[in-house]
Amino acid sequence: MTDKILEVKDLEVSFLTYAGEVKAIRGVTFDVKKGEAVAIVGESGSGKSVTSQSIMQLIPSPPGVYKNGEIIFDGQDLLNLNNSEMEKVRGSSIGMIFQDPMTSLNPTMTVGKQIAEGLIKHQGLNKSEAMERAVEMLRLVGIPNPEARVKQYPHEFSGGMRQRAMIAIALSCNPKLLIADEPTTALDVTIQAQIIDLMKDLQNKFGTSIIIITHDLGVVADLAQRVVVMYAGKIIEQGSLDDIFYNPQHPYTWGLLRSVPRLDSKGQRLESIEGTPPDLLDPPKGCPFYPRCDYAMEVCVNHFPEETKITDDHKVHCWLQHPDAPKVDVPIKIGGANNEAK
Amino acid sequence: MKQNNNEIILEVKNLKKHFNVGNGVVKAVDGVNFSIKRGETLGLVGESGCGKSTTGRTIIRLYEPTEGEVIFKGRDVTKLKGRELKKFNREMQMIFQDPYASLNPRMTVADIIGEGIDIHNLLSGKERLERIYSLLDTVGLNREHANRFPHEFSGGQRQRIGIARALALDPDFIIADEPISALDVSIQAQVVNLLQDLQKEKGLTYLFIAHDLSMVKHISDRIGVMYLGHLVELTESIELYENPLHPYTEALLSAIPIPDPEIERTRQRIILEGDVPSPMNPPSGCPFRTRCPKAMDICAEKRPEFKEAQPGHFVACHLY
Ligand SMILES: Nc1ncnc2c1ncn2[C@@H]1O[C@H](COP(=O)(O)OP(=O)(O)OP(=O)(O)O)[C@@H](O)[C@H]1O
Ligand SMILES: Nc1ncnc2c1ncn2[C@@H]1O[C@H](COP(=O)(O)OP(=O)(O)OP(=O)(O)O)[C@@H](O)[C@H]1O
Ligand SMILES: [Mg+2]
Ligand SMILES: [Mg+2]
């Protein structure tokens, strides 16, 4: 009935700590279409990982609590499932890759067994079928000599190979959705290029939908079709890749795009966003970005702006969109590859 | 922006640093040659484990070199003793990668910044405090921050504290080992701008170690590319990007994703096969040959010499 694989609606997640309630996710709404790669970007602490852990229901509780919202995956609300139902979803429909493969691989079990485990449990394969498929999976993710590698332990793999082993586990059950939380941050660029290439391949070959969380705008430009920009527990802008890179509307998105060096920025100063993000124990009532925003107005202090639709797909929360707001010049170069010589 | 003199402030000659580990020897740095002019920024890039930090740490004498010379302002650093060594310890400073781990959590910001001043007995009382205040000003922090502790600061602010500490003794040479890697994108720009402003103001010379190549290009005059303990290419940063000679440099540059969708849609990547070999058991001949798309027979037999293939453009590769 829908072309959407995932719909997150009005999600609110808090952590109840000794210091008080950390309002980590404060009303997040976005969706992922079938076969699409969506990137979530934003400052450290803005809630990217908590959002993805919420989808997988991996939020530690206590201290975590889901205060509101729905997470509709393939027609059912994941927040209504019990533990064993959710485990089934995790084992067969949604795969997740974490930033640090060493903390999520089991150091006492061979890599082959770790891949086979889920296949036996959720797909009903027998042991030897599952091991055969484990070899296939390692080959698929580009690990040389997979017949020997399945018998090895994670510590015998290099960092890039571990990350690929994680991907093999996540993919072994043919998930419809792959969530990758900073999958390449700990890796070198040449290894990162291998992993991104692999993710693109999966998307093309199997139509896998992808949520990628990253702080690297280059990775976003390379892999994603849509971008969600988060700030202090809220989505402040979302749109297609081109919307966000070539027609961004939110001052934080401008700042983010301006603070990365471009090919032609040598010798110039980088633009930085001064200040730091707000404390989520006591987030500002209005727009969370206003203390760092060059365009802040009085209204921003106490009122969070409603969503403005630039197009059906491109949405922003900013008072500058209000008809009475002053017109401002977008302080970044709009347009594409025009400043690349070659 | 740079001064017009050609004084060589640092010269590194055939530098080697080998570590004895349980079951063998790690050749972390294995014969590296380069020099840096006063007021210049030399970027050092390469994959994890290729020996960038070890090179920096050996230059500043945190490690004793296994072989080779480090000539700083005409004197061999590895032979300095007594007063000369003390002087060197003031002239060269280091900024570390991790702003969380590199600051003592039990010391106040004032004591962290003033540590060098205290060790060298340079100032005391009111003068010392004035100096600390002025350093806080320089790096964009407030006087009120002086009596606080590191955990009260954000990553970018902590890195500023680290920079203030490095500046306290008026060094002329700073080794910045991945000073921005642990920071958020929007904060990275703050720190890079600060480093560039300080360089202009004080004529500082930088050895800037990083793996983010776009930032290295932005800040460096020249760039050296390391692979498995060796310097494989060294030239002006614009030249390196426009005319990379070494196949590893080519692959490295093509692997950087560029934050521009139109460029990414049409770009051809060189995807390297396999992983970096272990420095305990490096390949014979050229260290890159096991992953090199252009490897020839000779590459397994003979290590290519590091030579000036074009004016000012050094490369170690049998293709040239
Ligand atoms: N277990 C927890 N207990 C208390 N607070 C938490 C917990 N996990 C996350 N938080 C808080 O929730 C907020 C969002 O964190 P999250 O990990 O989602 O950030 P992020 O956007 O992924 O950042 P990064 O880019 O640094 O990974 C932060 O303020 C964080 O401190
Ligand atoms: N104190 C030490 N003892 C033994 N081996 C070491 C020591 N320090 C570094 N090494 C080894 O030397 C090699 C070079 O390490 P180094 O830290 O210089 O790399 P790097 O280029 O700075 O990498 P990264 O980008 O990950 O920081 C690595 O194989 C490392 O494991
Ligand atoms: Mg995170
Ligand atoms: Mg290092």
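The values are calculated or read from the model by the stated rules, or taken from the named source; none is laboratory data. It should be emphasised that the depicted structure is a prediction, and the values quoted were computed from it without experimental measurement. When we count neighbours, we look across all protein chains shown, and the Cβ atoms used for this are built from the backbone with ideal geometry, even at glycine. Only protein heavy atoms, including side chains, enter the accessible area calculation; ligands, DNA and RNA are left aside. Shrake-Rupley method; radii C 1.70, N 1.55, O 1.52, S 1.80 Å.
Build a GNM of chain A with springs between Cα atoms under 10 Å apart, and of A:ALA116, A:ALA148, A:ALA170 the one that fluctuates most is A:ALA148.
What does the helix-only formula give at 222 nm for chain A: each DSSP H stretch with n ≥ 4 adding -39500 (n - 2.57), the total divided by the residues, and the result rounded to the nearest 500 deg cm²/dmol? Walk me through the numbers before you get to the answer.
Numbers: 12 runs with 111 residues, N = 342.
Only helices count here, giving -9500 deg cm²/dmol.
Compute the acute angle (0 to 90°) between the alpha-carbon long axis of helix B:125-138 and the principal axis of greatest extent of the alpha-carbon atoms of chain B; round to the nearest 10°. Approximately 40 degrees, to the nearest 10. Compared with the direct C-alpha span, the chain from B:GLU301 to B:LYS202 gains 30.9 nm at full extension, assuming 0.36 nm per residue. When you work out D = kT/(6 pi eta Rh) for segment B:152-282 at 4 °C and 1.567 mPa s, using the Kirkwood radius from C-alpha pairs as Rh and the Stokes-Einstein form, the result is 77 µm²/s.
Partners of B:LYS87 within straight-line reach, counting aspartates and glutamates whose Cα lies under 14 Å from its Cα and excluding those fewer than 8 residues away in the same chain: B:ASP76, B:ASP170, B:ASP172. Highest mobility in the GNM of chain A, judged by mean-square fluctuation with C-alpha springs under 10 Å and restricted to A:GLY159, A:GLY69, A:GLY218, is found for A:GLY218. The alpha carbon convex hull volume per residue for chain A rounds to 162 Å³. For chain B, a Gaussian network of Cα nodes joined below 10 Å ranks B:LYS217, B:LYS52, B:LYS294 by mean-square fluctuation, and the top entry is B:LYS294. Once the Cα atoms are used to define both axes, helix B:185-202 deviates from the longest principal axis of chain B by about 70 degrees. Just the protein heavy atoms count here, and of the accessible area of segment B:8-316 at 1.4 Å, carbon and sulfur take up 46 percent. Each label was represented as a point 7 Å from its Cα along the Cα-to-Cβ direction; for B:ALA101 and B:GLU69 these points are 3.5 nm apart.
Which pairs, out of A:LYS23/A:LYS315; A:LYS9/A:LYS121; A:LYS4/A:LYS200; B:LYS13/B:LYS73; B:LYS81/B:LYS202; B:LYS37/B:LYS302, put more than 21 Å between their alpha-carbon atoms?
A:LYS23/A:LYS315; A:LYS9/A:LYS121; B:LYS81/B:LYS202; B:LYS37/B:LYS302
A protection proxy built from the mean count of other Cβ atoms within 10 Å ranks the segments B:248-259, B:58-69, most packed first, as B:248-259, B:58-69. Take every DSSP beta bridge whose two residues both sit in chain B; close to 65 percent of them are antiparallel. Straight-distance candidates among the aspartates and glutamates for linking to A:LYS67, with alpha-carbon spacing under 20 Å and chain neighbours fewer than 8 residues away dropped: A:GLU7, A:ASP10, A:GLU12, A:GLU21, A:ASP31, A:ASP77, A:ASP279, A:ASP282.
How long are the three semi-axes of the equivalent ellipsoid for the protein assembly as shown, computed from the Cα gyration tensor as the root of 5 times each eigenvalue, in whole Å, largest first?
On the way: eigenvalues 336, 228, 115 Å².
Sorted largest first and rounded, they come to 41, 34, 24 Å.
Charge tally around B:PHE208: other residues with Cβ under 12 Å, Lys/Arg +1 each, Asp/Glu -1 each, net -2.
Just to be sure I understand: if you take the accessible area of chain A alone plus chain B alone and subtract the pair, with a 1.4 Å probe, what total do you get in Å², rounded to 100? Buried: approximately 3800 Å² between B and A. Between 0 and 90 degrees, the angle of helix B:155-167 with respect to the longest Cα principal axis of chain B falls at about 80 degrees.
Taking every protein chain into account, the accessible area of segment B:8-316 amounts to 41 square angstrom per residue (probe 1.4 Å).
Restricting to DSSP H runs of at least four residues, report the calculated mean residue ellipticity at 222 nm for chain B, -39500 (n - 2.57) per run over all residues, nearest 500 deg cm²/dmol.
-9500 deg cm²/dmol
Take each residue in B:212-220, count the other chain C-beta atoms within 10 Å of its C-beta, and the mean is 4. Straightening the chain between A:LEU16 and A:ASN68 buys 17.2 nm, computed as 0.36 nm per residue apart minus the Cα-Cα spacing. Please compare each pair in A:LYS88/A:LYS205; A:LYS151/B:LYS52; B:LYS79/B:LYS294; A:LYS48/B:LYS294 to a cut-off of 31 Å on the Cα-Cα distance and tell me which ones are over it. Long pairs (Cα-Cα over 31 Å): A:LYS151/B:LYS52; B:LYS79/B:LYS294; A:LYS48/B:LYS294.
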